[in-house]
Every structure is written in structure tokens, then in C-alpha cells.
Amino acid sequence: MYKASIGITTNMKLDATKWIAQKSDELGAASIWIGEDIGIGQEVFSLTASTLLHSNKVRVGTGIVPMSVHNISTLARAALGLHEIARDRFVLGIGIGGLQDLHKLGINLTKPVTALREAVGAFRKLWTGETVTTQNQLFELNNYNMRNIDGVQIPIFLGVRGPQMLRLSGEVADGVILSGPPDYLRYAVEEIDQAARKANRAPDAVEKVAWLPTIPTFKGGKESLAKKVVAIVVADMPKQVIDKLSIDSEKINRLRDAVAKGGPKAGIPFVDREMMDTFTISGDCEHMVDMFEKIAQLGVNEVVLGPPFSGDWRDAMTAIFQEIMSRRDT
């Protein structure tokens, strides 16, 4: 049985993220994943600490923090502090960052897989008290030691997309946060499992979390928002992901061209039901839970609900979790 979780971002209001943290156990959520919108809204580690403190049982993870905009020693110390707040409930989710964000920041990485691999290794060494010296395109450490640390194990999840990154996750990560259409998710799970086996790891040792944009279109939720999100997602999607899809490439190209010329709103007329079901989980309560179940059948352990949220999203979220739980009881 798949686990159902909640996704929030730093760009959400404090009263909304606080409500989710306080209600998470009552709803039956397994985790709360916190995505960082670079330079927008709440500070990601403050929000993570608040979420841990306002919840009791739920796992809380960053999903993700882009390595490209943070100092690695700061990330290591922040993760250790969050682990101290809630011991077994914190997960560090890291990645490189979205294509659009990196482009805006003028960041061009030629060896992102190597950098992320070295980051995972550096974190694990630092948390066990080792002194680390390493340098790559993303960070540099020179005889750095965190001091006064007894040695801890903090789960590391990677937010990745491309084939090399997926294989890296299978080799070294505790889990992976995936985003993309079902055709791609099926491929991604296979790549991760195969890489895990080659690294003499059990495929089940790598948790697979699927986080797609989820937009309820009941309880006042707007279908136009779902279509706008599809436009944004398609515009930012790497070619290697699009190449895995069975959807008509001409439809994708028309949408991408419209967004390039006029922004996400210009892409709305090009989004149909097939595209909405391909790139988001949206619709009424029953349809959304049907989609969760289909995604779980691809080999995913956990499916994330939200964001974005619109309308009476609190009631919609409650209804969706109630539907999930009622199906488990039958």
C-alpha cells in the first residue's frame, strides 16, 4: 500500500503551512515535503523547523533544497540542527535545481552528477565527524570539520530527473523524489532499481516518492489553475523526460512555443484533458485518488498531494485523505 503525503513550498503563507503541520497526523499523512522556491517566501530551514515543531509523528523532509544556491557547510549544519529537533523525523532532500532557475541565475554546470555524488559523500563524512577536503563546480571544503559531533545518520533523498542522476540515486541515495508523467515515472523507477542492483543494494533500499502538481478542481478549485501549472511544468521539462512520453510531440511543441512567447497564461488554450492527466493530478476527489493508485502501481512508495492549492483547499485536502483511507479499509 502506498503512503500519501503533503507537499508545501516556501512561497506559501505561514498560516497555511502551520495548518498542514498541525493537521498532518489527523489527516493520516506519512510525510510533509518542503520545496524551496528560490529567493521567495519563507526561509526553507526555518519553515522546516516550524513544521517539525508543529507536528508530532509525520516525517518532514526538504524536497528539495537546491545545492546550487547554498553553502554546503551551512546545509550540513542546518540538517544536523533539524535532526536534533526531531531525531528520526527529518530527511534532507537535495538536488541541483530547476532548469529555469539555473538559467535565471546564470548557473551552467558541466558535471552536475559528479558534484551531487560528492555532496552526498561529504555530508555523510561530516555527520560522522570526519574532516573533509573536496572541490567541484558547486562547492569547496578545505579541511572542514563540524566538531563536537558524535556521529549521526540523516537520510538523504535526491530530487533528480535525467538518466545519470537517476542511476546516481540508485547507487547512493536513501530515497529519490521524482516528478513527471506516468510514462517517465515507470522508466525512472526501472533505472533506479537497476542501478541499485549493480551497486549491490536492494531496490527497496531506495524509497521512491512521486511529487506531481496536484490541483483539486472541486471545493472551489479552478481548472484554469491546473492548466496554467501544466504550461509551467511542460516549459521547464528536460528533453530527456519529454522523449519518454507517449503524448503527441506536436502538442507539446505548440504549448512550449506559446509559453515561450507569452508566458504560462498563453499556454492555457493548448492544454487538454490528456495533458492534464499526463502532467498533473487534478479533478474531483475520486479521480485524483484513482490517479494516486495508478502512480503507486509504477513502483512508487509514496505520492505527494499539493501544491498549488486554490479554493477551499483545506476541505479538499481533508476529503482526498478521507477517500484514500476509506479505500484502505475496504
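Kindly list the number of the only condition in (1) under 22 Å from D174 (Cα atoms); (2) modelled with pLDDT of 95 or more that fails for W19. Every condition holds for W19 apart from (1). Regarding T74, is this residue surrounded by 23 or more Cβ atoms within 10 Å (Cβ to Cβ), at pLDDT 95 or above and among the polar types (S, T, N, Q)? Answer is no for this residue. So for the range 8-22 (the condition being in the same structural domain as G306 (by TED's automatic domain parsing), under 21 Å from P238 (Cβ atoms) and under 19 Å from the mean Cα position of the chain (by Cα)), does at least one residue qualify? Within the range 8-22, one or more residues are in the same structural domain as G306 (by TED's automatic domain parsing), under 21 Å from P238 (Cβ atoms) and under 19 Å from the mean Cα position of the chain (by Cα). From the list V304, V289, the one residue that fits, being closer than 25 Å to P163 by Cβ and at pLDDT 85 or above, is V304. In this structure, is A29 of a type in the set (G, A, S), surrounded by 21 or more Cβ atoms within 10 Å (Cβ to Cβ) and either within 19 Å of W211 (Cα to Cα) or touching a Leu at 6+ places or on another chain (Cβ under 8 Å) (or both)? Judged against the criteria, A29 is a match.
Among the conditions (1) among the small types (G, A, S); (2) touching a strand residue (DSSP E or B) at 6+ places or on another chain (Cβ under 8 Å); (3) modelled with pLDDT of 95 or more, the only one that A196 does not satisfy is (2). Which count do you get for residues in the range 86-100 that are part of a helix (DSSP H, G or I) and modelled with pLDDT under 95? Qualifying residue count, the range 86-100: 5.
Here's the yes/no breakdown for (1) of a type outside the set (S, T, N, Q); (2) free of Cβ contacts under 8 Å to residues at least 40 places away in the same chain:
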{"site": "F270", "(1), (2)": "yes, yes"}
{"site": "E274", "(1), (2)": "yes, yes"}
{"site": "D277", "(1), (2)": "yes, yes"}
{"site": "G283", "(1), (2)": "yes, no"}
{"site": "E286", "(1), (2)": "yes, yes"}
{"site": "L298", "(1), (2)": "yes, no"}
{"site": "G311", "(1), (2)": "yes, no"}
{"site": "Q322", "(1), (2)": "no, yes"}
{"site": "M325", "(1), (2)": "yes, no"}
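Got a sec? Which of V229, V234, V259 is outside the structural domain of E323 (by TED's automatic domain parsing), in a helix (DSSP H, G or I) and closer than 25 Å to Q164 by Cα? First the steps, then the outcome.
Details: V229 fails: closer than 25 Å to Q164 by Cα; V259 fails: closer than 25 Å to Q164 by Cα.
Selected residue: V234, the only one of V229, V234, V259 that is outside the structural domain of E323 (by TED's automatic domain parsing), in a helix (DSSP H, G or I) and closer than 25 Å to Q164 by Cα.
Residues I40, I94: which one is buried (at least 21 other Cβ atoms within 10 Å of the Cβ) and under 20 Å from the mean Cα position of the chain (by Cα)? Show your work before the answer.
Details: I40 fails: buried (at least 21 other Cβ atoms within 10 Å of the Cβ).
Checking each option against the conditions leaves just I94.
Taking the conditions (1) at pLDDT 85 or above; (2) not in a loop (DSSP other than H, G, I, E, B) in turn, F218 satisfies each one other than (2). Residues in the range 166-190 that are crowded, with 21+ Cβ neighbours inside 10 Å and free of Cβ contacts under 8 Å to residues at least 60 places away in the same chain: L166, L168, S169, G170, A173, V176, S179, A188.
You will find that of L212, L225, the residue that is under 30 Å from G311 (Cβ atoms) and crowded, with 24+ Cβ neighbours inside 10 Å is L212 and no other. Exactly one of (1) surrounded by 23 or more Cβ atoms within 10 Å (Cβ to Cβ); (2) farther than 29 Å from T278 by Cα is unmet by N148. Its number? Failed condition: (1). Look at G129 and say whether it is under 21 Å from V91 (Cα atoms), surrounded by fewer than 15 Cβ atoms within 10 Å (Cβ to Cβ) and of a type in the set (G, A, S). Spelling it out, G129 is indeed under 21 Å from V91 (Cα atoms), surrounded by fewer than 15 Cβ atoms within 10 Å (Cβ to Cβ) and of a type in the set (G, A, S).
The set of residues from the range 266-309 being part of a helix (DSSP H, G or I) and in contact with a Pro (Cβ under 8 Å, 6 or more places away or on another chain) comprises T278, F279, C285, M288, K294, I295. Residues of the range 5-33 that are over 19 Å from T62 (Cβ atoms) and not in a loop (DSSP other than H, G, I, E, B): D15, W19, Q22, K23, D25, E26, L27.
Restricted to the range 266-316, and to residues that are farther than 15 Å from V233 by Cβ and among the acidic types (D, E), which residue is surrounded by the most Cβ atoms within 10 Å (Cβ to Cβ)? Per the criteria, the residue is E302.
Pick out the one residue from T214, T128, T133 that is free of Cβ contacts under 8 Å to residues at least 12 places away in the same chain and among the β-branched types (V, I, T). Spell out the reasoning first.
Numbers: T214 fails: free of Cβ contacts under 8 Å to residues at least 12 places away in the same chain; T128 fails: free of Cβ contacts under 8 Å to residues at least 12 places away in the same chain.
None of the other options fit; the residue is T133.
Taking T48, is it in the same structural domain as P163 (by TED's automatic domain parsing) and either outside any helix (DSSP H, G or I) or modelled with pLDDT under 95 (or both)? In short, no.
For the range 246-265, what are the residues that are in contact with a Pro (Cβ under 8 Å, 6 or more places away or on another chain) and crowded, with 20+ Cβ neighbours inside 10 Å?
We begin by selecting, within the range 246-265, every residue in contact with a Pro (Cβ under 8 Å, 6 or more places away or on another chain); these are 247, 258.
Answer for the range 246-265, where residues must be in contact with a Pro (Cβ under 8 Å, 6 or more places away or on another chain) and crowded, with 20+ Cβ neighbours inside 10 Å: just A258.
The values are calculated or read from the model by the stated rules, or taken from the named source; none is laboratory data. These figures come from a predicted structure and were not determined experimentally. Glycine gets a Cβ as well: all are built from the backbone with ideal geometry, and neighbour counts include every protein chain shown.
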